[in-house]
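The values are calculated or read from the model by the stated rules, or taken from the named source; none is laboratory data. As the structure is a computational prediction, the values presented were derived from the model and not from experiment. We place every Cβ from the backbone using ideal geometry, glycine too, and count neighbours over all the protein chains shown. Side chains are part of the model used for accessible areas, which takes the heavy atoms of the whole protein and leaves out ligands, DNA and RNA. Shrake-Rupley method; radii C 1.70, N 1.55, O 1.52, S 1.80 Å.
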Amino acid sequence: MGELRLMKGNEAIAEAAVRAGCDGYFGYPITPQSEVLEYLMSVKPYETTGMVVLQAESEVSAINMCYGGAGCGKMVMTSSSSPGISLKMEGISYMAGAELPLLILNVVRGGPGLGTIQPSQCDYFQATKGGGHGDYRLYVLAPASVQEMADFAKLGFEMAYKYRTPVMILSDGIIGQMMEKVDLFDPIPRRTNEEIIKTCPWATTGKTANRERNIITSLDLDSAKQEKHVFDLDAKYKRMQAEDTRFERIMCDDAEYLLVAYGSSARICQKTVDVARAEGIKLGLLRPITLFPFPTDEISKLAGQVKGMLSVEMSLGQMVEDVRLAVNGKIPVEHYGRTGGMIHTPAEVLAALKSIIIGG
Amino acid sequence: MEMKDIIKPENLVFKKTSLFTEKPLSYCPGCGHGTVHRLILETIEEMGLQAETIGVAPVGCSVLAYEFMDIDMQQAAHGRAPALATAIKRLHPEKFVFTYQGDGDLAAIGTAETIHACNRGENIIIFFVNNGIYGMTGGQMAPTTLPGMKTSTSPFGRDTEIMGNPLKITELVAHLPGTYYVTRNAVHTPAAARKAKKAIQKAFEYQKLNKGLCFLEFVSNCNSGWKLPPVKSNEWMVENMFPYYPLGDIKVPSL
């Protein structure tokens, strides 16, 4: 066990980033995630680990600072909430194209537009299907607790470097703002410049006589080469699917019906499972932890076991499309959820299950 | 005397800067970009900074600058080079960091990044090549297009009543406390190029002092976009661009 603290999700991920050996954080204030930047400025990691923390003039600038830092092989992070993430999408696409490691936190709020500052899961499509332009994917982690906010900072950096790709932590206003007990892992020292040169031979660390110059770019005017590059990216995404798909099964072994939910909604659905079980309904919960790669195989297997699935999301129903693709018509799959900053209750979820799936 | 008797080190009067790659420049013949590239690379070579320098290329005619410069470089999204350079320098304070940008990149889409990097006093150099037009996309109106100047998106000349005024961003950033050295040069004559090189040398020297941002504008030509032969385009530049964008130091360090 590391150090136990009572923290907000936003504070936990900020502290975890410092402990993970992050070299630079570049952000811009937006509700409900401003505590990330505030926490970092208050603990002054530039005086302890040497981590750079900078408030940029915009989300656009912050993501491009991340591009510059990541291009040097440095471990960088940014965070924002929905409207700010939309602004970062240009930079995220460039970083996916240039194959740069990055940790992005999205503390989702209700949209579209300026929307609301209340929690939502309405950015699933943006996180998992693109958002920015081009054939690319992000590795997307969905924390369901303050503990996971901390743990996924470390895991996210690991994945970002394993695959040389931007990683998104798709959280929401509930996880970001609520306080829970968190067991913080022991600090990992930041890598030295020598270690970076060794482990990131592609990085712009200064062209020395013993190597060719390093170029960080997402541009290739030769279409044949660009196609090959996109094929190479795709091979990487397939490797993610094979090696790093993550999910949690809750009461699935004997389940006759299944809820599929991630993040805060999964926390709510855990209670629904308890209440349903008390009523004699054999209900299980499959919680995707990675939204890309999606646990398609696991859901496909469960489609051979249960009678129906309900995708429960704080949106109009976005992940439900991936659940349906995995189930491929074998059993009914429906969506239930509140949106626009409203949060469904366990009782509402159970009522929906009964009317749409069990009685449907 | 045969050729081999002439080609000897002691007879060498001019050579390609070793920091130019073997890739032929993609710039139009007569364009000032190649000369500005050369002056920067000569300076880096002479100061022995190849391993210490990280450059950032923009979007625009010099989008492929990294193909010609034998140093580590990053290619930025349109207008964002100063943001990249900010992080590179802060994470590698021991390196020399510069951006190379055109007028559309720096003074239109990237205005916020430019102003704020200058205002924060980032210890970087911004090389700004101003030819008053979007060259790469085929000659559209730029933020620095002169009043009355014809471009593909101001085909009857820039009407400032409708299209607004040219932005003198170099004068603007000189007012900011974060800029240390702000100067405007040109490279259309050997004398101008020599002067420009001195400014580049100073900028690299100043970066060692950590006193703030060095902003070096080069007023340049775009013979393709201006639809003039190279010599005529330089004459047009002297007659029209220089009165609006006068050459010389705008802010010099009080040493």
ask   = Across the range B:29-49, what is the number of residues that are at pLDDT below 95 and surrounded by 11 or more Cβ atoms within 10 Å (Cβ to Cβ)?
value = 1
ask   = Residue check: is B:GLU52 more than 21 Å from A:MET51 (Cβ to Cβ), within 8 Å of another protein chain (Cβ to nearest Cβ) and open to solvent by 10 Å² or more (accessible area, probe 1.4 Å)?
value = yes
Helices (runs of 4 or more DSSP H) wholly inside the range B:145-255 containing at least 1 residues that are surrounded by fewer than 14 Cβ atoms within 10 Å (Cβ to Cβ) = B:160-163, B:190-207, B:230-236
remark   = Restricting the range B:110-132 to residues that are part of a helix (DSSP H, G or I) and open to solvent by 10 Å² or more (accessible area, probe 1.4 Å), the one nearest to the other protein chains (Cβ to nearest Cβ) turns out to be B:HIS116
task = May I ask you to list the residues in the range A:1-57 that are among the small types (Gly, Ala, Ser) and in contact with a strand residue (DSSP E or B) (Cβ under 9 Å, 6 or more places away or on another chain)?
result = A:GLY2, A:GLY9, A:ALA12, A:ALA14, A:ALA16, A:ALA17, A:ALA20, A:GLY24, A:GLY27, A:SER34, A:ALA56
inquiry  = All but one of (1) open to solvent by 20 Å² or more (accessible area, probe 1.4 Å); (2) in contact (Cβ under 8 Å) with a residue 40 or more places away in the chain; (3) of a type in the set (Ser, Thr, Tyr) hold for A:SER355; state the number of the condition that does not hold.
reply    = (2)
key: Those residues of the range A:246-270 which are among the hydroxyl-bearing types (Ser, Thr, Tyr) and either assigned to a helix (DSSP H, G or I) or farther than 18 Å from A:GLY308 by Cβ (or both), in sequence order   = A:TYR262, A:SER264, A:SER265
remark   = Matching residues in the range A:71-88 (in a helix (DSSP H, G or I) and under 18 Å from A:ASP172 (Cβ atoms)) number 6
ask   = For the range A:252-295, how many residues meet the condition of being at positive phi and over 23 Å from the mean Cα position of the chain (by Cα)?
value = 1
task = Please state which one of A:VAL107, A:VAL76, A:VAL53 is within 14 Å of another protein chain (Cβ to nearest Cβ), farther than 22 Å from B:ALA57 by Cα and in contact with a Pro (Cβ under 9 Å, 6 or more places away or on another chain).
result = A:VAL53
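Yes/no per residue for (1) touching a Ser or Thr at 6+ places or on another chain (Cβ under 8 Å); (2) of a type in the set (Lys, Arg); (3) over 18 Å from B:GLY55 (Cβ atoms):
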{"residue": "B:LEU172", "(1), (2), (3)": "no, no, yes"}
{"residue": "B:THR183", "(1), (2), (3)": "no, no, yes"}
{"residue": "B:ALA192", "(1), (2), (3)": "no, no, yes"}
{"residue": "B:ILE200", "(1), (2), (3)": "yes, no, no"}
{"residue": "B:GLY212", "(1), (2), (3)": "yes, no, yes"}
{"residue": "B:GLU217", "(1), (2), (3)": "yes, no, no"}
{"residue": "B:ASN223", "(1), (2), (3)": "yes, no, yes"}
{"residue": "B:PRO230", "(1), (2), (3)": "no, no, yes"}
message = Among the residues of the range A:275-289, what is the count of those that are closer than 17 Å to A:ASP253 by Cα and surrounded by 14 or more Cβ atoms within 10 Å (Cβ to Cβ)?
response = 10
For B:GLN75: the one exception among (1) out of contact with any Ser or Thr (no Cβ under 8 Å at 6 or more places or on another chain); (2) crowded, with 17+ Cβ neighbours inside 10 Å; (3) polar (S, T, N, Q) = (1)
query = Just one of the numbered conditions (1) in contact with a Leu (Cβ under 6 Å, 6 or more places away or on another chain); (2) small (Gly, Ala, Ser); (3) part of a loop (DSSP other than H, G, I, E, B) is not true of A:GLY130; which one?
reply = (1)
task = Give the range A:157-214 a look and list any residue that's open to solvent by less than 10 Å² (accessible area, probe 1.4 Å), among the polar types (S, T, N, Q) and over 21 Å from A:MET65 (Cα atoms), or say none.
result = A:SER171
Test: residue in the range A:218-237 that is in contact with a Phe, Trp or Tyr (Cβ under 8 Å, 6 or more places away or on another chain) and farther than 29 Å from A:ALA153 by Cα = no
The range A:139-188, residues that are among the hydrophobic types (A, V, I, L, M, F, W, C), outside any helix (DSSP H, G or I) and over 24 Å from A:GLY341 (Cβ atoms) = A:VAL167, A:VAL182, A:LEU184, A:PHE185, A:ILE188
Selection from the range B:139-166 of residues that are over 19 Å from the mean Cα position of the chain (by Cα) and on the phi > 0 side of the Ramachandran plot = B:GLY148, B:GLY157, B:GLY164
query = Of the residues that make up the range A:14-36, is at least one among the charged types (D, E, K, R), in a strand (DSSP E or B) and away from every other protein chain (no Cβ under 14 Å)?
reply = no
ask   = Conditions: (1) at the interface with chain A (Cβ under 8 Å from one of its Cβ atoms); (2) open to solvent by 10 Å² or more (accessible area, probe 1.4 Å); (3) in contact with a His (Cβ under 9 Å, 6 or more places away or on another chain). B:GLY60 meets all but one. Number of the miss?
value = (1)
message = Looking at the range B:99-109, can you tell me whether even one residue there is assigned to a loop (DSSP other than H, G, I, E, B) and either within 14 Å of chain A (Cβ to nearest Cβ) or open to solvent by 10 Å² or more (accessible area, probe 1.4 Å) (or both)?
response = no
query = List, please: which pairs have Cβ atoms under 7 Å, are six or more places apart or on different chains, and start with a residue in the range B:102-128 that is acidic (Asp, Glu) and end with one that is surrounded by fewer than 19 Cβ atoms within 10 Å (Cβ to Cβ)?
reply = B:ASP105/B:HIS78
ask   = Based on what the data block shows, is A:VAL260 surrounded by fewer than 22 Cβ atoms within 10 Å (Cβ to Cβ), under 20 Å from A:ILE343 (Cβ atoms) and in contact with a Leu (Cβ under 9 Å, 6 or more places away or on another chain)?
value = no
key: Within the range A:282-360, strands (runs of 3 or more DSSP E) holding 3 or more residues that are over 23 Å from A:VAL167 (Cβ atoms)   = A:283-288, A:308-312, A:333-336
ask   = Condition test on A:CYS122, is it more than 11 Å from A:PRO166 (Cβ to Cβ) and in contact with a Ser or Thr (Cβ under 9 Å, 6 or more places away or on another chain)?
value = yes
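Yes or no, residue by residue, for (1) open to solvent by 10 Å² or more (accessible area, probe 1.4 Å); (2) hydrophobic (A, V, I, L, M, F, W, C); (3) within 14 Å of chain B (Cβ to nearest Cβ):
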residue	(1), (2), (3)
A:MET7	no, yes, no
A:SER42	yes, no, no
A:PRO45	no, no, yes
A:ALA62	no, yes, yes
A:LYS88	no, no, yes
Residue count for the range B:178-223, restricted to those that are in contact with a Cys (Cβ under 7 Å, 6 or more places away or on another chain) and of a type in the set (A, V, I, L, M) = 2
